[in-house]
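Below: the structure, in structure tokens.
The values are calculated or read from the model by the stated rules, or taken from the named source; none is laboratory data. What you see is a predicted model; the values in this text were computed from it and never measured. Cβ placement follows ideal geometry from the backbone for every residue including glycine, while neighbour counts extend to all protein chains displayed.
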């Protein structure tokens with residue numbers, strides 16, 4: 001005779017064990033991610049003008065409207081006669097570990113007097129630029145752009161495939177998937193899984209030196225090409241530039257895939273500028289050009305790069 005009560009008790013016990021195991025794992029993963037980026041948190045606390053909304057400390061799940069509120073641009077200058085410069089990118093552009101006037105945008109404003117729209121944000125990449133250029137409300141805020149610069153680092157290739165999650169803040173990173181050859185926006189789901197997902201991504205990033213393979217080639221190209229087409233449509237007077245910030249990660253993995261991708265963009269008519277060509281090979285790996293985490297740029301890095309880039313592009 002089947003003992004249904006015994007089966008039910010065992011089933012309930014098994015479910016409880018699974019749930020407890022998941023909660024414990026998630027908690028451990030959450031604190032692992034937070035500890036990995038404790039340097040980021042502490043460094044930002046003492047920086048003038050740091051926006052507390054963007055701290056990594058609270059495990060919150062923002063609504064769509066809350067995420068939109070976080071994406072307000074940093075605008076410097078107001079001389080519309082000179083035109084403007086729009087910057088896209090990640091934390092390198094956004095300006096981790098530095099005050100606004102020390103960022104890439106701050107330096108461009110300092111040397112040219114032009115209005116700068118800093119639309120970069122930490123943890124993001126090409127999908128976020130493509131998302132913003134598809135948003136008419138965001139586009140309408142940008143006035144008279146002459147130059148649109150995307151700062152590319154090695155990790156952006158990987159970010160074209162997946163959401164980068166830093167302590168739940170991946171909810172501001174939008175993800176696109178290829179469906180029937182087209183890019184389809186995927187709003188983040190299953191956010192309660194992100195701490196576990198974050199640890200997986202971090203381990204993959206630091207341990208798997210071959211992550212940058214041909215998987216990302218098609219979505220990455222489609223998002224850059226899509227962004228370029230949107231720029232030509234909405235800002236026909238603007239020049240689109242990809243500035244390749246060759247930090248140490250650029251040398252990891254399959255460089256041939258990267259080279260093929262960048263050649264495609266140059267063939268499409270996009271201007272591509274490499275930091276090694278601008279400054280000399282390996283210059284940005286010198287200690288004085290590294291931030292406190294030994295990865296992000298220091299203020300000295302952008303102070304070195306910006307005048308040379310302005311001269312090369314003849315920005316005035």
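Residues that are at pLDDT 85 or above, buried (at least 19 other Cβ atoms within 10 Å of the Cβ) and over 18 Å from the mean Cα position of the chain (by Cα) occur in segment 220-234; there is at least one.
Where helices (runs of 4 or more DSSP H) fall entirely within segment 98-177, those with at least 2 residues that are modelled with pLDDT of 80 or more and touching a strand residue (DSSP E or B) at 6+ places or on another chain (Cβ under 6 Å) are at 104-112, 126-133. Applying the condition of being touching a strand residue (DSSP E or B) at 6+ places or on another chain (Cβ under 6 Å) and assigned to a helix (DSSP H, G or I) to segment 228-264 and asking which residue is nearest to residue 146 (Cα to Cα) yields 231.
With 311, 281 as the choices, which residue is farther than 21 Å from residue 90 by Cβ, more than 21 Å from the chain's Cα centre (by Cα) and outside any helix (DSSP H, G or I)? Answer to the check: 281. Residue count for segment 124-144, restricted to those that are crowded, with 22+ Cβ neighbours inside 10 Å and closer than 17 Å to residue 238 by Cα: 4.
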